[in-house]
Amino acid sequence: MSQQAKNLQRAGDIAFSKMEKVNSELLSLTYGAMVSQLVKEFEDAAEVSRQLEKMGYSIGQRLIDELLAKANVSACEDFKDTAQTIAKVGFKMFMGINASVANVNEEGTEFSLLLEDNPLNDFVELPEHLADLRYSCIYCGVIRGALEMVNMRVECSFAKDVLAGDDSTEIKVILVDKLEDEFPFKDA
Amino acid sequence: MSCYTLFIINKAGGLIYKRDFSADAPKLSVNDQLRLVSTFHSMHAIAGRLSPVDPASGIDHIETNTFQLFCYQSLTGLKFLITSPAHTSGSLEHLLFKTYQLYSDFVLKNPFYELDMPIHCSQFDTNLDKLILGK
């Protein structure tokens with residue numbers, strides 16, 4: 001692991017230790033109740049995934065300020081830095097998940113996050129008629145919302161999910177563009 | 001810790017929070033407050049452009065013979081401003097950073113608070129009092 005990743009990992013561990021902890025089963029139960037309620041209301045796996053992503057989006061918009069305020073991280077130099085920060089600091093601090101970055105493309109505009117474990121998935125088995133449901137789609141929304149608040153528009157989706165039968169959990173993040181909130185200075 | 005006033009400015013340059021911490025703080029009408037804050041927002045952006053050093057970050061600290069002003073801008077574009085008496089020694093930036101932490105807790109975690117709107121969260125006020133006035 002590079003020095004940068006090691007520093008971020010330390011920052012993530014420190015931030016995690018300072019956060020108040022809650023029983024993970026309570027979280028799994030609450031999240032499960034929410035998803036099953038959404039399933040009752042929308043019935044369609046794709047629509048439920050969309051709703052989860054939307055919820056995650058509003059969470060992400062708020063969570064980013066907490067990450068910036070509480071974890072000792074400075075501005076990211078490039079998208080790879082962003083990837084490492086999300087993996088080592090973000091996931092660690094808020095969910096206690098150890099995540100790593102993989103499959104960074106040449107231009108540095110895409111990466112994958114590999115999650116070692118996922119507390120939301122504890123005790124969950126997807127029934128056949130919901131096989132297409134992206135159960136932890138909320139993470140995709142959180143990442144999208146958080147990055148939009150720091151001027152990056154991304155597309156975020158699940159490439160692999162243990163609930164769908166894959167061997168690991170992988171989230172793919174693609175940078176669409178960087179938003180500039182510049183003033184409309186007229187160049188002379 | 002003596003301070004006059006705390007201002008919080010959203011991404012668009014609008015005032016979302018103002019709180020006086022001292023009886024000596026100047027009394028401003030609401031319109032004046034809004035105007036001052038959006039002027040500061042523009043100055044901050046211009047200062048970033050004027051700098052001969054790249055990358056520039058705008059205004060951190062203004063020192064005059066009647067007051068001092070400290071500004072912290074988060075990576076999400078939010079600005080925290082605090083004014084204090086002229087003889088204040090040391091930087092109040094750590095106060096602003098703690099205020100940012102209080103904001104991320106008591107304002108953002110309130111589900112009924114809309115982003116970029118004026119802040120009316122009593123828990124935020126109480127905790128700010130504890131931080132800045134020490135009570």
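Does B:L92 count as open to solvent by less than 20 Å² (accessible area, probe 1.4 Å) and modelled with pLDDT under 90? The answer is yes for B:L92. Scanning region A:68-75 for any residue that is charged (D, E, K, R) and exposed (fewer than 14 other Cβ atoms within 10 Å of the Cβ) turns up nothing. Within region B:95-106, the set of residues being open to solvent by less than 10 Å² (accessible area, probe 1.4 Å) and either more than 10 Å from chain A (Cβ to nearest Cβ) or among the basic types (K, R) (or both) comprises B:L95, B:L96. Selection of region A:133-149 for residues being among the aliphatic types (A, V, I, L, M) and not in a helix (DSSP H, G or I) yields only A:L133. Taking the criterion of being part of a helix (DSSP H, G or I), open to solvent by 70 Å² or more (accessible area, probe 1.4 Å) and over 24 Å from B:D105 (Cα atoms), the residues of region A:1-28 that qualify are A:Q3, A:Q4, A:K6. Within region B:48-55, is there a residue that is of a type in the set (A, V, I, L, M), within 27 Å of A:M149 (Cβ to Cβ) and surrounded by 14 or more Cβ atoms within 10 Å (Cβ to Cβ)? No, the conditions are met nowhere in region B:48-55. Against the conditions (1) crowded, with 18+ Cβ neighbours inside 10 Å; (2) of a type in the set (S, T, Y); (3) in a strand (DSSP E or B), A:T85 satisfies every one except (3). Going residue by residue through region B:59-67, is there one that turns out to be open to solvent by less than 40 Å² (accessible area, probe 1.4 Å), under 11 Å from the mean Cα position of the chain (by Cα) and either among the β-branched types (V, I, T) or within 30 Å of A:G145 (Cβ to Cβ) (or both)? For region B:59-67, residues open to solvent by less than 40 Å² (accessible area, probe 1.4 Å), under 11 Å from the mean Cα position of the chain (by Cα) and either among the β-branched types (V, I, T) or within 30 Å of A:G145 (Cβ to Cβ) (or both): absent.
So in region B:107-126, with the set limited to residues that are under 20 Å from B:G14 (Cα atoms) and assigned to a helix (DSSP H, G or I), which one is farthest from the other protein chains (Cβ to nearest Cβ)? Result: B:D125. Looking only at residues in region A:99-109 that are surrounded by fewer than 18 Cβ atoms within 10 Å (Cβ to Cβ) and closer than 22 Å to A:V162 by Cα, the one that is nearest to the chain's Cα centre (by Cα) is A:S100. Of the numbered criteria (1) of a type in the set (A, V, I, L, M, F, W, C); (2) within 14 Å of chain B (Cβ to nearest Cβ); (3) touching a residue at least 60 places away in the same chain (Cβ under 8 Å), the one A:L52 fails is (2).
Within region A:73-80, the presence of at least one residue that is within 19 Å of A:A5 (Cβ to Cβ), within 11 Å of chain B (Cβ to nearest Cβ) and in contact with a Ser or Thr (Cβ under 9 Å, 6 or more places away or on another chain) is confirmed.
The values are calculated or read from the model by the stated rules, or taken from the named source; none is laboratory data. Quick caveat: nothing in here was measured; it's all calculated off a predicted structure. Backbone-built Cβ (ideal geometry, glycine too); neighbour counts: all protein chains shown. For accessibility, only protein heavy atoms count, side chains too; no ligands or nucleic acids. Shrake-Rupley method; radii C 1.70, N 1.55, O 1.52, S 1.80 Å.
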